[in-house]
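Asker: Before anything else, here's the structure in question.
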Amino acid sequence: MLQKENSCLIVIDVQARLLPGIYEGEQLVQYCDSLVELAQALDIPVYGTEQYPEGVGPTADGLRERVGQDQFIGKTFFSCVDAPQFQDKLASISQDQVVLCGMEAHACVLQSAMSFKAMGKQVFVVADAISARHPKDTDYAIARMRDEGIKIITREMVGFEWLRRSDAEGFKLFSKKFLR
């Protein structure tokens, strides 16, 4: 199970210019945003990546501000782990559990998940907070990651596991943002 003391959250490439072509893109932004808000309320580190931001542009408004502009790293590699620009951030990630959300499921999310797993991290991909242009790509990415030993979870599972109890600090926020 996830342990909040041993987790970090990485938001992968939820860039505004790409969102119109992403299946249920608005919902993806909302779900990633709610995960970030809960992680921050529980003092869980949050990082973000942007695929070639010079050409594709920044992360969706609101989500970028919530994560914090200084927490984003631009990259050209699909796997953030392989990106030279991410190496300093990577060195600061002491948590053994990496929770991933974002896009695209079959490219940057999948390759980052597999790379983190190869590093020996426990990788959790939030199935309802990832997407791609075509739902089939997300379905196959989830199946492949599961086959590779990556844990596939939902937003609610993340919240319930980070909190562990209904009287925990942050449960009201979780209930309001996730359970309604």
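The numbers here are math on the coordinates, done by the rules we state, and not lab data. Being a predicted model, the structure only gives us computed values, none of them experimental. Cβ coordinates were reconstructed from backbone atoms using ideal geometry, including for glycine residues, and neighbour counts include every protein chain displayed.
Asker: Sorted by packing (mean other beta-carbon atoms within 10 Å per residue), highest first, where do 159-169, 63-73 land? Numbers along the way, then the final one.
Answerer: Details: 159-169: 14.6, 63-73: 16.2.
The densest-packed peptide leads the list: 63-73, 159-169.
Asker: Hey, what do the phi angles of the range 22-33 turn into as Karplus ³J(HN,Hα) couplings, whole Hz, using 6.51/-1.76/1.60 and θ = phi - 60°, x for Gly and Pro?
Answerer: Karplus values, whole Hz, x for Gly and Pro: 8, 4, 6, x, 5, 5, 4, 4, 4, 5, 5, 4.
Asker: In percent, how large is the relative contact order of the range 4-178, given Cα pairs closer than 8 Å and 6 or more residues apart? Don't jump to the answer; show the numbers that get you there.
Answerer: Values: 308 pairs, mean separation 44.2, N = 175.
For the range 4-178, the relative contact order is 25 percent.
Asker: Once you place label points 7 Å from the Cα toward the Cβ at residue 56 and residue 5, how far apart are they in nm?
Answerer: Using points 7 Å along Cα→Cβ, the separation is 3.6 nm.
Asker: Right, next: Please work out whether the range 124-180 counts as rounded, prolate or oblate from its C-alpha gyration tensor, where a ≥ b ≥ c are the square roots of the eigenvalues and a/c under 1.5 means rounded, while otherwise a/b larger than b/c means prolate and anything else oblate?
Answerer: Details: a/c = 4.93, a/b = 2.02, b/c = 2.44.
Verdict is oblate for the range 124-180.
Asker: Tell me, what does the Kirkwood hydrodynamic radius of the chain come to in angstroms if you use every pair of distinct C-alpha atoms? Mind dumping the intermediate values first?
Answerer: Working: mean 1/r = 0.0629 Å⁻¹.
Over the chain, the inverse of the mean reciprocal pair distance is 15.9 Å.
Asker: List the residues, sorted by chain then number, that are 5 or more residues from residue 128 or on another chain and whose placed amide H is less than 5 Å from its amide H.
Answerer: Those lying under 5 Å, H to H, from residue 128 are 155.
Asker: For the pair residue 133 and residue 147, how long in nm is the line joining their label points, each one 7 Å along Cα→Cβ?
Answerer: 2.3
Asker: Run through the DSSP bridge list for the range 4-178 and note the antiparallel percent, rounded to the nearest 5. Intermediate results must be reported in sequence, preceding the final value.
Answerer: Details: 1 of 24 bridges.
Taking every DSSP beta bridge within the range 4-178, about 5 percent pair in antiparallel fashion.
Asker: Using the Karplus equation 6.51 cos²θ - 1.76 cosθ + 1.60 (θ = phi - 60°), what ³J(HN,Hα) coupling, rounded to whole Hz, does each residue of the range 85-96 give in order, writing x for Gly and Pro?
Answerer: Computed from phi, the couplings for the range 85-96 are 5, 8, 4, 5, 4, 4, 5, 8, 8, 8, 5, 8 Hz.
Asker: I've got another one for you. For 92, 131, which order do you get if you count the other beta carbons within 10 Å of each Cβ and list the fewest first? All intermediate terms of the calculation are to be shown ahead of the outcome.
Answerer: Numbers: 92 11, 131 27.
Lowest to highest Cβ neighbour count: 92, 131.
Asker: Let me ask something else about it. Mind ordering 45-53, 114-122 by average Cβ neighbours within 10 Å, highest first?
Answerer: Numbers: 45-53: 20.7, 114-122: 16.3.
Per-residue mean Cβ counts within 10 Å order the peptides as 45-53, 114-122.
Asker: So which lysines pass the test for residue 75, namely a Cα distance under 17 Å, with those fewer than 8 places away in the same chain ruled out?
Answerer: 89
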